[in-house]
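Trainee: Just dropping this structure here.
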Amino acid sequence: MSHFCVNCGAPLAPRTIEGRELEACPNDDYVLWRDPKVATAVVVEAGGGIVLGRRSIEPGYGLWCLPGGFVNHDEDPAGAAVRECMEEINARVDLTGLIGVYHVAKTTTSSMVGIAYRGRLSEGAAITAGPEMLEVRVFPLDGLPPIAFPSHQAVLAAYLRSPELVVGPEPLTAAAGARPASPPSPGPAPRRQRRKG
Ligand SMILES: [Zn+2]
């Protein structure tokens, strides 16, 4: 399929860049890069279990998954994760750590870079289903339902291997909400909640 320049509308032409065959504009610097999509997923701890949502949209309609979604081009991934939780489970979530970064291979579209966080419901937050969910529920770790996506299965497997909270230097949510120029906030160190047992 032929493509056209987003700047000037000219048909793109093949060009080899760093050993890869790409399509580029003959008139300006536009290149149709084949970049991965960046997506987040969050293991949200709540009441001794974790929050899952049952999907009201494809892919995975009717199946359970972690809250999360794509990162917009101008977003901090941690901020995108918090936003997606707000949209999907209608609750403010504080991110507490990074579970891992995953390559999610795709056959028909660009691959994905998955960034998996752990978090917990903010003080007093209650979960309800957002428009992309049929229902949301807290599941005990030993009673999880079948999970929609292999990438989310991998995240949960990693989480279940080490559910103990590995404390980082700063809560990730603070970084997500920060403006580039704002200094770190003073004040008391945030409380860390450690899973019992
Ligand atoms: Zn052009």
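Trainee: Within region 1-113, considering only strands (runs of 3 or more DSSP E) that don't extend past its boundaries, which have at least 2 residues that are loosely packed, with under 14 Cβ neighbours inside 10 Å and away from the ligand (no atom under 16 Å from the Cβ)? Give the derivation first.
Mentor: Values: elements: 13-17, 20-24, 37-46, 49-55, 68-70, 93-104.
Ranges flagged: 20-24, 93-104.
Trainee: Give me a count of the residues in region 131-142 that are in a helix (DSSP H, G or I) and in contact (Cβ under 8 Å) with a residue 12 or more places away in the chain.
Mentor: Qualifying residue count for the region: 1.
Trainee: Let me ask something else. Please state which one of VAL93, VAL43, VAL101 is under 26 Å from LEU134 (Cβ atoms) and under 11 Å from the mean Cα position of the chain (by Cα).
Mentor: After ruling out the rest, the residue left standing is VAL43.
Trainee: With respect to the numbered conditions (1) in the same structural domain as ALA157 (by TED's automatic domain parsing); (2) of a type in the set (A, V, I, L, M, F, W, C); (3) farther than 17 Å from PRO145 by Cβ, which one is the sole condition not fulfilled by CYS65?
Mentor: Unmet for CYS65, out of (1) in the same structural domain as ALA157 (by TED's automatic domain parsing); (2) of a type in the set (A, V, I, L, M, F, W, C); (3) farther than 17 Å from PRO145 by Cβ: (3).
Trainee: For region 97-133, which positions are touching a Gly at 6+ places or on another chain (Cβ under 9 Å) and more than 18 Å from HIS152 (Cα to Cα)? Show your work before the answer.
Mentor: The initial filter retains those residues of region 97-133 that are touching a Gly at 6+ places or on another chain (Cβ under 9 Å), namely 97-98, 100-104, 114-119, 121, 127, 129-130, 132-133.
Across region 97-133, the qualifying residues are LEU121, ILE127, ALA129, GLY130.
The values are calculated or read from the model by the stated rules, or taken from the named source; none is laboratory data. All values reported here derive from a predicted model rather than from experimental measurement. Glycine also receives a Cβ, built like all others from the backbone with ideal geometry; neighbour counts cover every protein chain displayed.
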